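A short write-up of the structure that comes next.
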Amino acid sequence: MLLLPNQIEGVAHHKTKDRYNLHKGPLWLPPRRKFRLPLHEFLTLFFELTFNWVINSTGELTLAHRLLNRDFPMNLSSPPETTNSKDSPAIVALHELQSATGVAWNLWTRIAASKWVESNSSDDCELDEAHSARMAFHPTCFDLFEKAFGEQSIQSEQSDPNQWWVVSPLLGPYGNLHSVAITTVSGDQRESITKLASLSLNYQREKLRAEQLESENAQFAQQVGDDFEEMTFLRTMADSLAVGDTSLGIKEVVTRSFEMLHGILGAEILCFVELDEAGQPKSSIRQTDDTEHAQVSQDACDVLAQRFCSQVTSGPLVRNDLIHQTEEEAQGTSQQLLIVPVQTSVRQFGWFMAINRGPGFTQHGKAPLLCASLHEFGTWEASLLSTAASVIASHASNLEHLREKGQLLVSVVRSLVSAVEAKDAYTCGHSERVALYTKRLAQHLSYDEESTERIYLTGLLHDVGKIGVSDATLNKAGSLTREEFGEIQEHPDYGWSILCELRQLAYVLPGVLHHHERFDGAGYPDGLSGHDIPLDARIMAVADAYDAMTSDRAYRAGMPHEKAVGILTDGAGTQWDPEIVSSFLEIVNDFVKIRQQYQPHQRRVRTGSAIVYQD
Ligand SMILES: [Fe+2]
């Protein structure tokens, strides 16, 4: 049965000096005695409320323990549910109001427009217009409730000559709680109670605002942290993708990126799905988070790639409720899937595929603010993976361009060598063999990989200056005259002149210019001796001499290997650097193998509109 304030014959247990101990008596306890609050007590109370919000938690909240209202911002349109929790926002707000005013208040909850229910009553206590006929004062109460609720302000109305109703809205963590509190006071008490309730309401507002700001600050701080983490990842990835480092293929780059992505993205499996020869997706790199959670097999990854990747042509694809179509696909427990294309505007390299998201896969066990949840892939994950894919695709594209540039350089070198060999048919293959011998010697002398490739190109180009020598001299069958030999001796200078304009080939110039210097200083073109001769040129001199002696020339047949080795050994310290000759002797069998295995480079000729190989 509904009991309204002036119907209850309760006894006032309220004690002004015992403001924090609320009533143990009947539910509704209108204070019958005159309420007086001296100024100094009011100020004390105000500051206590402001700086030390105290709520009696001794279980004496007889008004409170039966009341409850829950109200969440995500569900404002739904009627508030009623439970008996002391921690509900409405109960907390009610307690605070009672502590501030020192009187008992009753709680009412708005369940629909102009429809209020007393929270401590059972369902049959609901008030509506039908009740208003037998409870004439109800409409007035409801009007006060509606006004207090709508305007979020304290309302009061005289209920009879000696009593006033005072109604206060209640505020909770998310703002309006859809609840109000009502009390009845005497005319003497009305002003002070109204002011105290108003102070309490203002305090509640400020407190809520402070809590909201604190919450926003915490969110901003977390967002800044997440953004910083993302920026750090992208910067680290960019640093690891130095364009000049052409030794890294796309798979190495992807592997490095996955190591960083795992913790940030919170994925169990990361796959790089590459396009195979048939243009079909095939997961080539599968990296787990190295935890016990990794349960999705390689086969399951391949099946998922076959099923979904070809659908992803531009934006990301997200599936947080995977339904498996086959047993093969269901191997493991793949439930969430995120796929983004790895592509540039002109070329697709494949896709990134992230499988399964969970708190166990994140670095800190928490989700960034903008992600869907700890158990789903959302916008944040899709954006991060897309960014990583875009950076890696650009890097892979740059690598391809660099390799094409390098291949172009080698092609130019081979074209120059072909030009030399076109003039001197008997030296065919000489440049290539000298390059191979030189490369092997450089490896034996502990050249690094890059320097070894450079000296190989130097070997290919060492005689390019013969382009400047006349055909008659170059192909003369008999002995050369002094003038003709002088012309031959100019070919290192010719070679330097031809190549010096190619900045990318500057490193070949010392070998090209000085490969005919002698260790004793009797060589040409500059008569350098000993270690004044560049090391590349000293190495090349040995390789050049060995091939020249063992190859057939226009004016003589090639000499046997043993005889050439003997001449080189005898010339160590005079014509050639003895240390280089010593190194040559250590690997002389490799020279024999190179010579035996050498296949002349096939020259391409055009026949009609087709290109064919000429034996
Ligand atoms: Fe030469």
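More than 16 Å from the ligand (Cβ to nearest atom), surrounded by 21 or more Cβ atoms within 10 Å (Cβ to Cβ), touching a residue at least 40 places away in the same chain (Cβ under 8 Å) and among the hydrophobic types (A, V, I, L, M, F, W, C): does that describe residue 442? It is true that residue 442 is more than 16 Å from the ligand (Cβ to nearest atom), surrounded by 21 or more Cβ atoms within 10 Å (Cβ to Cβ), touching a residue at least 40 places away in the same chain (Cβ under 8 Å) and among the hydrophobic types (A, V, I, L, M, F, W, C). With the condition kept exactly as written, say whether any residue in segment 390-402 is open to solvent by 70 Å² or more (accessible area, probe 1.4 Å) and aliphatic (A, V, I, L, M). So far as segment 390-402 goes, no, none of its residues is open to solvent by 70 Å² or more (accessible area, probe 1.4 Å) and aliphatic (A, V, I, L, M). Beta carbons closer than 6 Å, at least 6 apart along the sequence or on distinct chains, pair a first residue in segment 380-404 that is in the same structural domain as residue 266 (by TED's automatic domain parsing) with a second that is assigned to a helix (DSSP H, G or I) and surrounded by 22 or more Cβ atoms within 10 Å (Cβ to Cβ) for 381/265; 388/257.
For segment 490-501, the set of residues classified as open to solvent by 60 Å² or more (accessible area, probe 1.4 Å) and within 13 Å of the ligand (Cβ to nearest atom) consists of 490, 493, 494, 496, listed by residue number. Can you name the residue in segment 414-439 that is within 13 Å of the ligand (Cβ to nearest atom) and hydroxyl-bearing (Ser, Thr, Tyr) and is also modelled with the lowest pLDDT among such residues? Only one residue tops the list, namely 427. If the condition is being out of contact with any strand residue (DSSP E or B) (no Cβ under 9 Å at 6 or more places or on another chain) and of a type in the set (Gly, Ala, Ser), then segment 412-462 contributes 415, 419, 425, 429, 431, 435, 442, 446, 451, 459. Evaluate the following for residue 556: is it among the basic types (Lys, Arg) and modelled with pLDDT under 95? Spelling it out, residue 556 is indeed among the basic types (Lys, Arg) and modelled with pLDDT under 95. Select, from 528, 474, the only residue that is farther than 24 Å from residue 576 by Cα, touching a residue at least 12 places away in the same chain (Cβ under 8 Å) and either buried (at least 19 other Cβ atoms within 10 Å of the Cβ) or more than 14 Å from the ligand (Cβ to nearest atom) (or both). Only one candidate passes the filter, namely 474.
Among the residues here, residue 548 qualifies as closer than 22 Å to residue 434 by Cα and either within 15 Å of the ligand (Cβ to nearest atom) or surrounded by fewer than 17 Cβ atoms within 10 Å (Cβ to Cβ) (or both). Return yes when residue 275 is open to solvent by less than 10 Å² (accessible area, probe 1.4 Å), in the same structural domain as residue 388 (by TED's automatic domain parsing) and in contact (Cβ under 8 Å) with a residue 40 or more places away in the chain and no when it is not. In short, no. Going through segment 445-468 one residue at a time, which ones are touching a Lys or Arg at 6+ places or on another chain (Cβ under 8 Å) and either within 14 Å of the ligand (Cβ to nearest atom) or farther than 18 Å from residue 539 by Cβ (or both)? Listed by number, the residues that qualify are 459, 460, 466, 467. Yes or no: residue 537 closer than 25 Å to residue 595 by Cα, open to solvent by less than 20 Å² (accessible area, probe 1.4 Å) and within 16 Å of the ligand (Cβ to nearest atom)? In short, yes. Counting only residues that are open to solvent by less than 40 Å² (accessible area, probe 1.4 Å) and away from the ligand (no atom under 13 Å from the Cβ), segment 509-518 holds 1 of them.
The values are calculated or read from the model by the stated rules, or taken from the named source; none is laboratory data. What you are looking at is a predicted structure, and each value in this text was computed from that prediction instead of being measured. Heads up, the Cβs are rebuilt from the backbone with ideal geometry, glycines too, and the neighbour counts pull from every protein chain shown. What goes into the accessible areas is simple: the full protein's heavy atoms, side chains included, and nothing from ligands, DNA or RNA. Shrake-Rupley method; radii C 1.70, N 1.55, O 1.52, S 1.80 Å.
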